[in-house]
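Reading through the C-alpha coordinates given below for one structure.
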(Lines give C-alpha, C1' and ligand atoms only; values in the text may rest on other atoms or scores of the structure.)
Protein backbone atom coordinates (compact mmCIF):
# COMPACT_ATOMS: atom_id res chain seq x y z
CA UNK A 1 0.00 0.00 0.00
CA UNK A 2 1.08 3.61 -0.56
CA UNK A 3 -0.71 6.90 -0.19
CA UNK A 4 -2.16 8.89 -3.09
CA UNK A 5 -0.60 6.89 -5.95
CA UNK A 6 0.57 3.42 -6.94
CA UNK A 7 1.29 1.60 -10.18
CA UNK A 8 -2.33 0.45 -10.64
CA UNK A 9 -4.09 3.83 -10.52
CA UNK A 10 -5.22 5.24 -13.87
CA UNK A 11 -3.89 8.73 -14.60
CA UNK A 12 -4.90 11.45 -17.06
CA UNK A 13 -2.66 14.43 -17.87
CA UNK A 14 -4.50 17.67 -18.60
CA UNK A 15 -2.35 19.84 -20.86
CA UNK A 16 -0.35 16.89 -22.19
CA UNK A 17 0.36 18.52 -25.57
CA UNK A 18 2.11 21.52 -24.02
CA UNK A 19 5.87 21.59 -23.54
CA UNK A 20 5.74 20.92 -19.80
CA UNK A 21 2.91 18.43 -20.01
CA UNK A 22 4.66 16.46 -22.73
CA UNK A 23 8.00 16.36 -20.89
CA UNK A 24 6.41 15.21 -17.64
CA UNK A 25 4.26 12.66 -19.43
CA UNK A 26 7.54 11.09 -20.57
CA UNK A 27 8.81 11.03 -16.97
CA UNK A 28 5.63 9.47 -15.63
CA UNK A 29 5.35 6.87 -18.37
CA UNK A 30 9.01 5.89 -18.16
CA UNK A 31 8.80 5.52 -14.39
CA UNK A 32 5.86 3.14 -14.62
CA UNK A 33 2.89 5.37 -13.86
CA UNK A 34 -0.31 4.06 -15.45
CA UNK A 35 -0.97 7.08 -17.70
CA UNK A 36 -3.98 6.13 -19.79
CA UNK A 37 -4.95 9.43 -21.42
CA UNK A 38 -4.11 13.05 -22.06
CA UNK A 39 -6.50 15.96 -22.48
CA UNK A 40 -6.10 19.10 -24.57
CA UNK A 41 -9.21 20.70 -26.09
CA UNK A 42 -9.09 20.54 -29.89
CA UNK A 43 -6.27 17.97 -29.96
CA UNK A 44 -8.35 14.78 -29.95
CA UNK A 45 -6.69 12.00 -31.94
CA UNK A 46 -3.11 13.01 -31.24
CA UNK A 47 -0.77 10.67 -29.40
CA UNK A 48 1.93 11.91 -26.99
CA UNK A 49 4.57 9.37 -25.90
CA UNK A 50 2.09 6.60 -26.66
CA UNK A 51 -0.72 8.27 -24.72
CA UNK A 52 -3.97 9.00 -26.61
CA UNK A 53 -5.25 12.58 -26.40
CA UNK A 54 -8.90 13.54 -25.92
CA UNK A 55 -10.77 16.85 -25.93
CA UNK A 56 -12.24 16.46 -22.43
CA UNK A 57 -11.70 14.44 -19.27
CA UNK A 58 -15.21 13.01 -19.52
CA UNK A 59 -14.47 11.76 -23.02
CA UNK A 60 -11.25 10.13 -21.80
CA UNK A 61 -13.21 8.51 -18.95
CA UNK A 62 -15.83 7.12 -21.34
CA UNK A 63 -13.19 5.54 -23.58
CA UNK A 64 -10.51 4.49 -21.08
CA UNK A 65 -12.75 3.68 -18.11
CA UNK A 66 -12.79 5.28 -14.63
CA UNK A 67 -9.78 7.51 -14.00
CA UNK A 68 -8.27 7.87 -10.53
CA UNK A 69 -5.94 10.85 -10.87
CA UNK A 70 -5.53 13.95 -13.03
CA UNK A 71 -2.23 15.80 -13.20
CA UNK A 72 -2.77 19.36 -14.40
CA UNK A 73 -0.23 21.24 -16.53
CA UNK A 74 -2.44 24.16 -17.54
CA UNK A 75 -1.63 27.92 -17.39
CA UNK A 76 -2.60 29.28 -13.97
CA UNK A 77 -5.51 31.35 -15.25
CA UNK A 78 -7.15 28.22 -16.68
CA UNK A 79 -6.50 25.85 -13.77
CA UNK A 80 -9.89 26.40 -12.14
CA UNK A 81 -11.80 25.30 -15.23
CA UNK A 82 -9.53 22.30 -15.78
CA UNK A 83 -9.86 21.19 -12.16
CA UNK A 84 -13.64 21.57 -12.20
CA UNK A 85 -13.80 19.54 -15.40
CA UNK A 86 -11.86 16.68 -13.82
CA UNK A 87 -13.89 16.77 -10.59
CA UNK A 88 -17.19 16.84 -12.48
CA UNK A 89 -16.07 13.86 -14.56
CA UNK A 90 -15.51 11.83 -11.37
CA UNK A 91 -11.75 12.04 -10.79
CA UNK A 92 -11.05 11.87 -7.05
CA UNK A 93 -7.41 13.04 -6.87
CA UNK A 94 -5.92 16.05 -8.65
CA UNK A 95 -2.30 17.19 -8.74
CA UNK A 96 -2.19 20.90 -9.62
CA UNK A 97 1.37 21.68 -10.69
CA UNK A 98 1.23 25.37 -11.80
CA UNK A 99 2.06 28.24 -9.46
CA UNK A 100 0.32 31.62 -9.24
CA UNK A 101 -3.14 30.12 -9.38
CA UNK A 102 -5.49 32.82 -8.00
CA UNK A 103 -6.39 32.15 -4.38
CA UNK A 104 -10.10 32.57 -5.04
CA UNK A 105 -9.87 29.91 -7.75
CA UNK A 106 -8.15 27.54 -5.31
CA UNK A 107 -10.91 28.12 -2.76
CA UNK A 108 -13.55 27.31 -5.37
CA UNK A 109 -11.71 24.13 -6.33
CA UNK A 110 -11.48 23.21 -2.65
CA UNK A 111 -15.21 23.72 -2.14
CA UNK A 112 -16.09 21.60 -5.16
CA UNK A 113 -13.64 18.85 -4.18
CA UNK A 114 -15.21 18.65 -0.72
CA UNK A 115 -18.67 18.40 -2.27
CA UNK A 116 -17.74 15.41 -4.42
CA UNK A 117 -15.43 13.66 -1.93
CA UNK A 118 -12.22 14.38 -3.82
CA UNK A 119 -8.84 15.88 -2.89
CA UNK A 120 -6.12 17.84 -4.65
CA UNK A 121 -2.39 18.35 -4.15
CA UNK A 122 -0.99 21.83 -4.79
CA UNK A 123 -1.14 24.22 -6.46
CA UNK A 124 2.54 25.02 -6.95
CA UNK A 125 3.66 21.45 -6.36
CA UNK A 126 6.31 19.14 -7.78
CA UNK A 127 3.87 16.32 -7.15
CA UNK A 128 3.97 12.92 -5.49
CA UNK A 129 6.11 9.81 -5.87
CA UNK A 130 5.82 6.36 -4.35
CA UNK A 131 9.34 5.03 -5.05
CA UNK A 132 9.36 1.93 -7.20
CA UNK A 133 5.68 2.34 -8.07
CA UNK A 134 4.60 5.60 -9.72
CA UNK A 135 5.18 9.34 -9.92
CA UNK A 136 2.75 12.22 -10.43
CA UNK A 137 4.07 15.56 -11.63
CA UNK A 138 7.76 16.28 -11.99
CA UNK A 139 9.62 14.85 -8.98
CA UNK A 140 12.99 13.52 -10.08
CA UNK A 141 12.95 15.27 -13.45
CA UNK A 142 13.63 12.07 -15.40
CA UNK A 143 12.70 8.49 -14.65
CA UNK A 144 16.31 7.34 -14.36
CA UNK A 145 17.11 10.04 -11.80
CA UNK A 146 13.95 9.30 -9.82
CA UNK A 147 14.88 5.62 -9.63
CA UNK A 148 18.46 6.34 -8.58
CA UNK A 149 17.69 9.09 -6.05
CA UNK A 150 14.66 7.69 -4.21
CA UNK A 151 14.76 4.18 -2.74
CA UNK A 152 11.59 2.28 -1.80
CA UNK A 153 11.12 1.84 1.93
CA UNK A 154 9.06 2.69 5.00
CA UNK A 155 9.58 6.40 5.73
CA UNK A 156 7.11 8.98 4.42
CA UNK A 157 8.12 12.52 3.47
CA UNK A 158 5.87 15.59 3.44
CA UNK A 159 7.30 18.98 2.52
CA UNK A 160 6.24 22.57 1.79
CA UNK A 161 9.33 23.23 -0.35
CA UNK A 162 9.92 21.65 -3.74
CA UNK A 163 13.70 21.75 -3.47
CA UNK A 164 13.71 20.38 0.05
CA UNK A 165 11.29 17.63 -0.91
CA UNK A 166 13.90 16.24 -3.28
CA UNK A 167 16.87 16.99 -1.00
CA UNK A 168 15.44 15.28 2.08
CA UNK A 169 14.38 12.25 0.07
CA UNK A 170 17.74 12.00 -1.68
CA UNK A 171 19.78 12.18 1.53
CA UNK A 172 17.57 9.68 3.32
CA UNK A 173 17.91 7.26 0.40
CA UNK A 174 21.68 7.78 0.24
CA UNK A 175 21.82 6.86 3.92
CA UNK A 176 20.03 3.60 3.12
CA UNK A 177 16.64 4.73 4.45
CA UNK A 178 13.96 3.92 1.90
CA UNK A 179 10.77 5.89 1.35
CA UNK A 180 7.11 4.89 1.13
CA UNK A 181 5.68 8.06 -0.45
CA UNK A 182 7.09 11.55 -1.01
CA UNK A 183 4.62 14.45 -1.09
CA UNK A 184 5.27 18.09 -1.96
CA UNK A 185 2.12 19.69 -0.56
CA UNK A 186 2.71 22.90 -2.53
CA UNK A 187 4.26 26.27 -1.83
CA UNK A 188 1.23 28.56 -1.95
CA UNK A 189 -0.56 30.05 1.05
CA UNK A 190 -3.65 27.93 0.33
CA UNK A 191 -3.13 24.30 -0.72
CA UNK A 192 -5.50 21.41 -1.12
CA UNK A 193 -3.79 18.78 1.02
CA UNK A 194 -1.58 20.41 3.68
CA UNK A 195 0.72 18.62 6.14
CA UNK A 196 -2.04 17.56 8.58
CA UNK A 197 -3.96 15.77 5.84
CA UNK A 198 -0.83 14.07 4.53
CA UNK A 199 0.21 12.77 7.95
CA UNK A 200 -3.33 11.45 8.47
CA UNK A 201 -2.86 9.39 5.30
CA UNK A 202 0.53 8.16 6.51
CA UNK A 203 -1.00 7.19 9.86
CA UNK A 204 -3.25 4.69 8.09
CA UNK A 205 -0.62 3.45 5.65
CA UNK A 206 0.70 0.06 6.75
CA UNK A 207 3.89 0.59 4.73
CA UNK A 208 4.89 3.80 6.51
CA UNK A 209 6.61 3.47 9.90
CA UNK A 210 7.81 7.05 10.40
CA UNK A 211 7.42 10.44 8.73
CA UNK A 212 9.83 13.28 7.95
CA UNK A 213 8.22 16.72 7.64
CA UNK A 214 9.86 19.80 6.17
CA UNK A 215 7.98 22.80 7.53
CA UNK A 216 8.42 26.52 7.11
CA UNK A 217 7.44 29.81 8.65
CA UNK A 218 3.97 31.10 7.86
CA UNK A 219 0.56 29.51 8.20
CA UNK A 220 -0.38 26.90 10.79
CA UNK A 221 0.19 23.57 9.03
CA UNK A 222 2.90 22.43 11.44
CA UNK A 223 0.96 23.46 14.55
CA UNK A 224 -2.04 21.51 13.28
CA UNK A 225 0.17 18.44 12.90
CA UNK A 226 1.14 18.93 16.56
CA UNK A 227 -2.56 19.05 17.43
CA UNK A 228 -3.08 15.69 15.71
CA UNK A 229 -0.24 14.17 17.74
CA UNK A 230 -1.63 15.62 20.96
CA UNK A 231 -5.07 14.12 20.26
CA UNK A 232 -3.57 10.73 19.44
CA UNK A 233 -4.64 10.93 15.80
CA UNK A 234 -1.06 10.62 14.56
CA UNK A 235 1.00 8.10 16.50
CA UNK A 236 4.01 7.32 14.33
CA UNK A 237 7.42 8.92 14.94
CA UNK A 238 7.67 12.37 13.34
CA UNK A 239 10.97 14.01 12.45
CA UNK A 240 10.55 17.71 11.65
CA UNK A 241 12.77 20.46 10.32
CA UNK A 242 11.40 24.01 10.20
CA UNK A 243 12.96 26.40 7.70
CA UNK A 244 13.18 30.17 8.15
CA UNK A 245 14.81 30.42 11.58
CA UNK A 246 16.18 33.92 10.93
CA UNK A 247 13.06 35.36 9.28
CA UNK A 248 11.35 38.38 10.83
CA UNK A 249 7.73 39.53 10.61
CA UNK A 250 6.78 40.41 7.04
CA UNK A 251 9.57 38.28 5.58
CA UNK A 252 8.82 35.86 2.77
CA UNK A 253 10.92 32.70 2.92
CA UNK A 254 11.27 31.18 -0.54
CA UNK A 255 7.64 31.39 -1.71
CA UNK A 256 4.20 32.85 -1.07
CA UNK A 257 3.12 30.31 1.53
CA UNK A 258 6.10 30.96 3.80
CA UNK A 259 5.65 34.41 5.27
CA UNK A 260 5.31 35.64 8.86
CA UNK A 261 2.41 38.02 9.32
CA UNK A 262 1.41 39.71 12.55
CA UNK A 263 3.73 37.53 14.62
CA UNK A 264 1.94 34.35 13.59
CA UNK A 265 3.61 31.37 11.93
CA UNK A 266 7.02 31.96 13.48
CA UNK A 267 9.86 29.47 13.46
CA UNK A 268 10.11 29.59 17.26
CA UNK A 269 6.42 28.95 17.76
CA UNK A 270 6.33 25.98 15.40
CA UNK A 271 9.40 24.34 16.93
CA UNK A 272 8.10 24.83 20.47
CA UNK A 273 4.69 23.39 19.69
CA UNK A 274 6.05 20.32 17.91
CA UNK A 275 8.52 19.58 20.70
CA UNK A 276 5.74 19.89 23.29
CA UNK A 277 3.95 16.92 21.77
CA UNK A 278 7.04 14.74 21.35
CA UNK A 279 8.02 15.27 17.73
CA UNK A 280 11.71 14.93 16.95
CA UNK A 281 12.55 18.47 15.78
CA UNK A 282 16.06 18.81 14.36
CA UNK A 283 17.99 22.08 14.12
CA UNK A 284 20.46 20.75 11.58
CA UNK A 285 19.12 19.55 8.23
CA UNK A 286 22.04 17.13 7.81
CA UNK A 287 21.04 15.26 10.97
CA UNK A 288 17.70 14.07 9.58
CA UNK A 289 19.06 10.70 8.30
CA UNK A 290 20.83 10.04 11.62
CA UNK A 291 17.68 10.68 13.64
CA UNK A 292 15.63 8.57 11.25
CA UNK A 293 18.10 5.70 11.54
CA UNK A 294 17.88 5.80 15.34
CA UNK A 295 14.10 5.63 15.21
CA UNK A 296 14.07 2.65 12.87
CA UNK A 297 14.78 -0.89 14.01
CA UNK A 298 16.66 -1.38 10.72
CA UNK A 299 17.13 0.83 7.63
CA UNK A 300 13.79 -0.27 6.23
CA UNK A 301 12.34 -1.98 9.29
CA UNK A 302 9.71 -1.03 11.82
CA UNK A 303 10.14 2.24 13.68
CA UNK A 304 10.34 2.49 17.44
CA UNK A 305 7.53 4.26 19.25
CA UNK A 306 7.81 7.95 19.98
CA UNK A 307 9.82 8.55 23.13
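The values are calculated or read from the model by the stated rules, or taken from the named source; none is laboratory data. Not measured: the values here are computed from a predicted model. Methodologically, a virtual Cβ is constructed for each residue, glycine included, from the backbone with ideal geometry; neighbour enumeration extends over all protein chains shown.
Is it true that some residue in region 29-42 is assigned to a loop (DSSP other than H, G, I, E, B), under 19 Å from residue 91 (Cβ atoms) and more than 18 Å from the chain's Cα centre (by Cα)? Checking region 29-42: at least one residue is assigned to a loop (DSSP other than H, G, I, E, B), under 19 Å from residue 91 (Cβ atoms) and more than 18 Å from the chain's Cα centre (by Cα). When every residue of region 107-118 is checked against the conditions, none turns out to be within 23 Å of residue 188 (Cα to Cα), assigned by TED's automatic domain parsing to the domain that holds residue 296, out of contact with any strand residue (DSSP E or B) (no Cβ under 6 Å at 6 or more places or on another chain) and not in a loop (DSSP other than H, G, I, E, B). The set of residues from region 146-173 being assigned to a helix (DSSP H, G or I), more than 23 Å from residue 216 (Cα to Cα) and in contact (Cβ under 8 Å) with a residue 40 or more places away in the chain comprises 146, 147. Beta carbons closer than 7 Å, at least 6 apart along the sequence or on distinct chains, pair a first residue in region 34-57 that is touching a residue at least 60 places away in the same chain (Cβ under 8 Å) and on the phi < 0 side of the Ramachandran plot with a second that is in a loop (DSSP other than H, G, I, E, B) and surrounded by 18 or more Cβ atoms within 10 Å (Cβ to Cβ) for 34/9. Here residue 53 meets each of (1) under 29 Å from residue 205 (Cα atoms); (2) assigned to a strand (DSSP E or B) with one exception, condition (1). Within region 166-184, the set of residues being closer than 19 Å to residue 6 by Cβ and crowded, with 23+ Cβ neighbours inside 10 Å comprises 169, 179, 180, 181, 182, 183, 184. Look at (1) surrounded by 19 or more Cβ atoms within 10 Å (Cβ to Cβ); (2) under 22 Å from residue 111 (Cβ atoms); (3) over 14 Å from the mean Cα position of the chain (by Cα) and you find that residue 220 fails only one, number (1). The residues on offer are 4, 94, and the sole one that is in contact with a strand residue (DSSP E or B) (Cβ under 6 Å, 6 or more places away or on another chain), on the phi > 0 side of the Ramachandran plot and outside the structural domain of residue 204 (by TED's automatic domain parsing) is 4.
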